[in-house]
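Have a look at the structure below before the remarks.
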Amino acid sequence: MRAKKRLGQHFLQPDWAEKLARVVDPHPEDRFLEIGPGPGALTLRLAPQVAHLTAIEVDAEMVALLRPKLPANVTLIEGDVLTLPLGELAGARARLRVAGNLPYNISSPILFRLLDMHIRYGCLRDATLMLQREVAERLEANPGGRDYGVLSIFVQLHADVRRLLSLPPGAFRPVPKVHSTVLRLTFRPPAVTLTDPALFERMVRSMFTQRRKTLANALRPFALTVNADVREALRRAAVDPTRRPETLQLSELARLAEFFVSA
């Protein structure tokens, strides 16, 4: 097997695949969606322990290699997880669990795809994902730190984040230049009430393009789009205008958004 650099492929060594399968914690009634099974290091360990597993792999060579090895309870789909109609998987009676060693170059788009699947269909129970350590730190980040940003906010809005495992570069072949972390996202209802989730998302994304500015300045471009007064928004939300976007708690962001909804 030759790893394809353009697909960000790094294959997990067998002993680490065993550790990953254990922390995924599969059960006989579980239905899994696996993202990027590659040669099947995790797939072939999970499949005997679960009711059903759907695996999505973009690499045709990997699909051809893996398909003959699969038991009957595995469905292998050749395609791109970012473009496939994942809503078709939402019809299962049991909520899906997700597992995957995410390609580091597209991990953020995949995370947002999973969030969208949870929000639209409510069909995901949890996701156990291997990520570049720096991405994992962004998902776990608290307000006030340099890692806290758009990804932190939207993941924490919809899921609880728990660190399960840390992996050195030597856990893979070829050896990557980065360390890896396995996190579990446990999906749940939103942590704060939002009258207009789409407006909240636009506001947050706009603010964090200017994260080092004071809120009085960082909020101004968004406020102009909804014809609202920034100072009044901050006063009504009881937020100091000299603070920066990266210091705001979810509850404070929600209060700001509510003002703009009614503006």
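So in the stretch 36-55, with the set limited to residues that are assigned to a strand (DSSP E or B) and crowded, with 22+ Cβ neighbours inside 10 Å, which one is nearest to the chain's Cα centre (by Cα)? Checking each candidate, the answer is Ala55.
Quick one: in the stretch 146-168, which of the residues that are surrounded by fewer than 15 Cβ atoms within 10 Å (Cβ to Cβ) and in contact with a Lys or Arg (Cβ under 7 Å, 6 or more places away or on another chain) is nearest to Met207 (Cα to Cα)? So the residue we want is Asp160.
Under the condition of being of a type in the set (A, V, I, L, M) and modelled with pLDDT under 90, which residue from the stretch 1-31 is surrounded by the most Cβ atoms within 10 Å (Cβ to Cβ)? Steps first, please.
Just the residues of the stretch 1-31 that are of a type in the set (A, V, I, L, M), to begin with: 1, 3, 7, 12, 17, 20-21, 23-24.
Narrowing further to those that are modelled with pLDDT under 90: 1, 3, 7, 12.
Working: Met1: 11, Ala3: 15, Leu7: 16, Leu12: 21.
The qualifying residue surrounded by the most Cβ atoms within 10 Å (Cβ to Cβ) is Leu12.
Filtered by the rule that a residue be out of contact with any Asp or Glu (no Cβ under 9 Å at 6 or more places or on another chain), assigned to a helix (DSSP H, G or I) and surrounded by 15 or more Cβ atoms within 10 Å (Cβ to Cβ), the stretch 221-245 gives Phe222, Val230, Ala233, Pro245.
Got a number for residues in the stretch 116-127 being buried (at least 20 other Cβ atoms within 10 Å of the Cβ) and either in contact (Cβ under 8 Å) with a residue 40 or more places away in the chain or part of a strand (DSSP E or B) (or both)? The qualifying residues number 4. Looking across the stretch 128-141 at every residue that is out of contact with any helix residue (DSSP H, G or I) (no Cβ under 6 Å at 6 or more places or on another chain) and outside any helix (DSSP H, G or I), the one that is modelled with the highest pLDDT is identified as Leu129. Close contacts from the stretch 99-115, counting a first residue that is more than 16 Å from Gly87 (Cβ to Cβ) and in the same structural domain as Val135 (by TED's automatic domain parsing) and a second that is outside any strand (DSSP E or B) and among the polar types (S, T, N, Q), with Cβ to Cβ under 8 Å and a gap of 6+ residues or different chains, come to Pro103/Gln9. Which pairs do you get when a residue that is part of a loop (DSSP other than H, G, I, E, B), found in the stretch 142-163, comes within reach of a residue that is among the aliphatic types (A, V, I, L, M), reach meaning Cβ atoms under 7 angstrom, with the pair 6+ apart or on two chains? Pairs found: Pro143/Leu248; Asp147/Ala141; Tyr148/Ala141. When restricted to residues that are modelled with pLDDT of 95 or more, part of a loop (DSSP other than H, G, I, E, B) and under 18 Å from Ala17 (Cα atoms), the stretch 64-114 contains 1. When residues in the stretch 68-97 are screened for being charged (D, E, K, R) and surrounded by 14 or more Cβ atoms within 10 Å (Cβ to Cβ), 3 of them pass. When the stretch 198-215 is filtered for residues that are outside any loop (DSSP other than H, G, I, E, B) and surrounded by 15 or more Cβ atoms within 10 Å (Cβ to Cβ), the ones remaining, listed by number, are Leu199, Phe200, Glu201, Arg202, Met203, Val204, Ser206, Met207, Phe208, Gln210, Leu215.
Does Leu183 meet the test of being closer than 30 Å to Trp16 by Cα, touching a Phe, Trp or Tyr at 6+ places or on another chain (Cβ under 9 Å) and assigned by TED's automatic domain parsing to the domain that holds Ala136? No: the conditions fail for Leu183. If the condition is being within 17 Å of Glu18 (Cα to Cα) and in contact with a Leu (Cβ under 8 Å, 6 or more places away or on another chain), then the stretch 46-61 contributes Leu46, Ala47.
The values are calculated or read from the model by the stated rules, or taken from the named source; none is laboratory data. These numbers were taken from a predicted model, which means no experiment stands behind them. Every residue, glycine among them, receives a Cβ derived from its backbone with ideal geometry; neighbour counts consider all protein chains shown.
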